[in-house]
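The values are calculated or read from the model by the stated rules, or taken from the named source; none is laboratory data. Remember, it's a predicted structure, so these values are computed and weren't measured experimentally. Cβ placement follows ideal geometry from the backbone for every residue including glycine, while neighbour counts extend to all protein chains displayed.
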Amino acid sequence: MEPSRAYLSPPSFLPACLPGVLSRLEKLEARARALALKQEEAEQQQRQEVARLRARIKQLRRRRDELKGKVSLQQAALGRREEATSSGAEPVPTARVQERALLQWKVETVEAMLRVFYLTGISGKLTERGVCFCLSTAYDGNYLDSYYLDIVITQPVRIHRHSVPIFIPLKRIAAKYLQTDVRCFLATLSAHLNAYVGRKYQADYLQKHFSAFLGGHWQKNSLYNMLAFNYDVTTESSTFPFRVKLLYGDLDRSLPTEASVSCKEDVPASLLEKAATHSSLFMNMALHKAFDTFRKAAETPDNTE
Amino acid sequence: MDVTVAEFIRRTVLKVPRSHIPALLQAWGFLPAARLQALDVRPLKEAIAEAVVQLCQENSASIKEAAVLDIVYNHTFQNKRVWTVYQMTKATGGETDIFDFTAFKRKFKRRIQSSLINVTINFKEFEDNAIWIRIAWGTSYTKPNQYKATYVVYHSQTPYAFISKSINRSNLPLLCQALIVASNYGDIREMELRSHCLDSLKDIVFKRYSQTFQTHHPKPLQERNVAPENVDPRLIQEDKSEKERIQRVNQEVFGDGPQPKLEFAQYKLETMFKSSPKMVNVSERESFRCLVKFSSPHLLEALKSLAPAGMADAPLSPLLTCIPHKARNYFKIKERKGVLAAGLVSP
């Protein structure tokens, strides 16, 4: 209390109670001054710290550049040494290169072999629980869909999953062959699938490319083993509609077992003969090829067809 | 032409959105093409419907043609109905027979009409080998109700039939009987597979959906439109390997192609409630009955995107991923005998 009063004496005209307030004020002022001092010190310390860190950064950068320089020098030296000795003595790098080339060749051969298996139509891959077969189908030089069978090797062998269409009699073929002769099973299934795909291809091709000849009234079923449609036969004079019904009794063949060509009763006898020839034609060659011969015959008109 | 037939045709045309009317009438194939082209589709639908009825009257349409129009309408808008899948089994391992459509129709009609005289049955075959059967039911003293018909879709030489949910459950056994007799099968049962999208149901049971199989020859992936990401070289993805693993697992389970469209999957739990021993023992004696239903506009796509979106762990629970493989979306989960864990029971 005493020192503060020493340099701050209240003016004479103020009442006697004021010294308490003024002393309070003095205390506050002293506190503010102390805080300001502390803040200045803290700032100074911070500035020093920042300067120190900057210096450290510069130091570390210099060190990093030095090390980088050293590394690049070493690499250059190594490169030069490798070049100098590549023609002869060092056995380790070239052996590695040779090994790699050999491995690559082996991988390529195996891949080619797998591709060949795939192209044959029946290929497979071992899985954890069994084998996954891929049956790829083809007809008339075109590769068509692939169907998959996931087989689990347990006792008894069973089919876990498959992507075979539902109307192919998979269960029947499996019941007959799967447990005893897997090869026969796969061969039969592959034959069925290829035949189905072949029949479908013929029907679709016919509808797409020979629509000018066709008359309509298409009848078919999911397995494409019954096909019936009308088509037009042109002679010199007029056009006659024929109706053909093809039955594919053997599910693993893409040619019909029965072909009945019919036409209206009031047609000339030559056309009846034609119907018979057409019938045998359908039995022996693919649908679109048969229609190809018709088209050729129509383009070069002759009576002997 | 009968007044009821005219009214039925009028109401059917009114149901069709205006833009589809010309295509629908053309697919129907009853009205002559020239008159169809002259049909004005600009005025109000009531006027169009009246014009169509007039044309039908001129061509003397009967209930048969009206029913075919109804079939064509439902074929175009097939996703408005809920379809249930039924599976038929052969009693004997018979040889595959050549499917004869006329014999099928004859046997079907004969079987139904031997029990019920007052029915209208119509058939129509479509391009994808689908046979649509429409049956309007009546009773011994009422005429068939044309507005509440049942639809059956059958593909020849397949053991599946798709029946649209109709309100009249009492005629269902007769319908099933007729189906078995007509298609030479021995037995029929309802599968636990229901959806709005008929094509997706067909994809599931005919195994046309995309499944992944392990093969040495992966099919070349279709080019997908991946927008080039703005890769800021300063950004490092910490969980890149995890994301790739999730992507790989997802692809193994779901495959690459589009998933069949289902709207819901329902799981009925009949398991015991497993809780801490502190809770009351009494409640543990009974099964905890609970029904979990997942619904979505496209359920399987939603499940497929759960793991990449980070909302579920990959691989997903097999209860969810086995839906297309087991061809069902209604499940009953019971206790596995002997081990206290939830098991999957297929009835």
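It is to be established whether one or more residues within the stretch A:119-134 are of a type in the set (Asp, Glu) and within 11 Å of chain B (Cβ to nearest Cβ).
In the first step, residues of the stretch A:119-134 are kept if they are of a type in the set (Asp, Glu); the result is A:128.
So of that shortlist, the ones also within 11 Å of chain B (Cβ to nearest Cβ) come out as A:128.
The answer is yes, given that some residue of the stretch A:119-134 is of a type in the set (Asp, Glu) and within 11 Å of chain B (Cβ to nearest Cβ).
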Search the stretch B:275-300 for residues being modelled with pLDDT of 90 or more and not hydrophobic (A, V, I, L, M, F, W, C), and hand back the single one that is farthest from B:HIS196 (Cα to Cα). B:LYS293
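What are the residues in the stretch B:149-162 that are within 14 Å of another protein chain (Cβ to nearest Cβ) and among the hydrophobic types (A, V, I, L, M, F, W, C), if any? Outline the logic, then answer.
Taking the stretch B:149-162 as the starting set, the residues that turn out to be within 14 Å of another protein chain (Cβ to nearest Cβ) are B:153-162.
Answer for the stretch B:149-162, where residues must be within 14 Å of another protein chain (Cβ to nearest Cβ) and among the hydrophobic types (A, V, I, L, M, F, W, C): B:VAL153, B:ALA161, B:PHE162.
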For the structure I just gave you, tell me whether B:ARG10 is basic (Lys, Arg), within 28 Å of the chain's Cα centre (by Cα) and surrounded by 13 or more Cβ atoms within 10 Å (Cβ to Cβ). yes
Count, please, the residues in the stretch A:110-142 that happen to be touching a residue at least 24 places away in the same chain (Cβ under 8 Å) and assigned to a strand (DSSP E or B). 8
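I'd like to know if the stretch B:136-148 contains one or more residues that are within 14 Å of chain A (Cβ to nearest Cβ), in contact (Cβ under 8 Å) with a residue 12 or more places away in the chain and under 26 Å from the mean Cα position of the chain (by Cα).
No, the conditions are met nowhere in the stretch B:136-148.
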Of the conditions (1) closer than 15 Å to B:TYR151 by Cα; (2) assigned to a strand (DSSP E or B), the single one that B:LEU172 does not satisfy is (2)
Which residue is farthest from A:TYR224 (Cα to Cα), if the candidates are limited to the stretch A:156-179 and must be within 11 Å of chain B (Cβ to nearest Cβ) and loosely packed, with under 15 Cβ neighbours inside 10 Å? A:HIS160
Based on what the data block shows, is A:ARG96 part of a helix (DSSP H, G or I), surrounded by fewer than 19 Cβ atoms within 10 Å (Cβ to Cβ) and more than 11 Å from every other protein chain (Cβ to nearest Cβ)? yes
Considering (1) within 14 Å of chain A (Cβ to nearest Cβ); (2) exposed (fewer than 13 other Cβ atoms within 10 Å of the Cβ), say which one B:ASP100 fails and leave the rest. (2)
Identify all residues within the stretch A:253-292 that are surrounded by fewer than 16 Cβ atoms within 10 Å (Cβ to Cβ) and either closer than 28 Å to A:THR188 by Cβ or among the aromatic types (Phe, Trp, Tyr) (or both); write none if there are none. A:THR257, A:GLU258, A:MET283, A:ASN284, A:MET285, A:LYS289
Looking for whichever is of a type in the set (Ser, Thr, Tyr), loosely packed, with under 14 Cβ neighbours inside 10 Å and in contact (Cβ under 8 Å) with a residue 24 or more places away in the chain here; the options are A:THR239, A:THR234. Which one fits? A:THR234
Of the residues in the stretch B:1-25, those that are out of contact with any helix residue (DSSP H, G or I) (no Cβ under 6 Å at 6 or more places or on another chain) and more than 20 Å from B:ASN79 (Cβ to Cβ) come to B:ASP2, B:VAL3, B:THR4, B:GLU7, B:ARG11, B:PRO22
I want to confirm something. Restricting to the stretch B:20-39 and keeping residues that are under 25 Å from the mean Cα position of the chain (by Cα) and aliphatic (A, V, I, L, M), which single residue is surrounded by the most Cβ atoms within 10 Å (Cβ to Cβ)? B:LEU25
So, in the stretch A:203-228, how many residues would count as being assigned to a strand (DSSP E or B) and either within 11 Å of chain B (Cβ to nearest Cβ) or at positive phi (or both)? 8
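Name the one entry in A:TYR139, A:TYR118, A:TYR147 that is modelled with pLDDT under 85, within 30 Å of A:MET285 (Cβ to Cβ), surrounded by 16 or more Cβ atoms within 10 Å (Cβ to Cβ) and among the aromatic types (Phe, Trp, Tyr). Outline the logic, then answer.
On the way: A:TYR139 fails: modelled with pLDDT under 85; A:TYR147 fails: modelled with pLDDT under 85.
Unique residue meeting the criteria: A:TYR118.
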Out of all the residues in the stretch B:111-145, which are closer than 17 Å to B:LYS64 by Cα and of a type outside the set (A, V, I, L, M, F, W, C)? B:GLN113, B:ASN118, B:THR120, B:ASN122, B:LYS124, B:GLU125, B:ARG134, B:GLY138, B:LYS143, B:PRO144, B:ASN145
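Please work out if B:LYS165 is under 29 Å from B:LYS326 (Cα atoms) and away from chain A (no Cβ under 14 Å). Explain how you work it out, then say what you get.
Numbers: under 29 Å from B:LYS326 (Cα atoms): yes; away from chain A (no Cβ under 14 Å): yes.
Yes: the conditions hold for B:LYS165.
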For B:PHE162, indicate whether it is under 21 Å from B:TYR185 (Cβ atoms) and touching a residue at least 40 places away in the same chain (Cβ under 8 Å). yes
Identity of the residue in the stretch B:175-191, surrounded by fewer than 17 Cβ atoms within 10 Å (Cβ to Cβ) and in a helix (DSSP H, G or I), that ends up nearest to the other protein chains (Cβ to nearest Cβ): B:VAL181
For A:SER254, state whether it is at pLDDT 80 or above and either assigned to a helix (DSSP H, G or I) or within 14 Å of chain B (Cβ to nearest Cβ) (or both). no
Within the stretch B:106-135, work out how many residues are under 23 Å from the mean Cα position of the chain (by Cα) and not in a strand (DSSP E or B). 5
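Out of A:LYS200, A:LYS176, A:LYS171, which single residue is part of a helix (DSSP H, G or I), basic (Lys, Arg) and over 32 Å from the mean Cα position of the chain (by Cα)? Full working, then the answer.
Numbers: A:LYS200 fails: over 32 Å from the mean Cα position of the chain (by Cα); A:LYS171 fails: over 32 Å from the mean Cα position of the chain (by Cα).
Checking each option against the conditions leaves just A:LYS176.
Considering each of B:ARG42, B:ARG11 in turn, give the residue that is part of a helix (DSSP H, G or I) and of a type outside the set (A, V, I, L, M, F, W, C).
Testing whether each residue is part of a helix (DSSP H, G or I) and of a type outside the set (A, V, I, L, M, F, W, C) leaves just B:ARG11.
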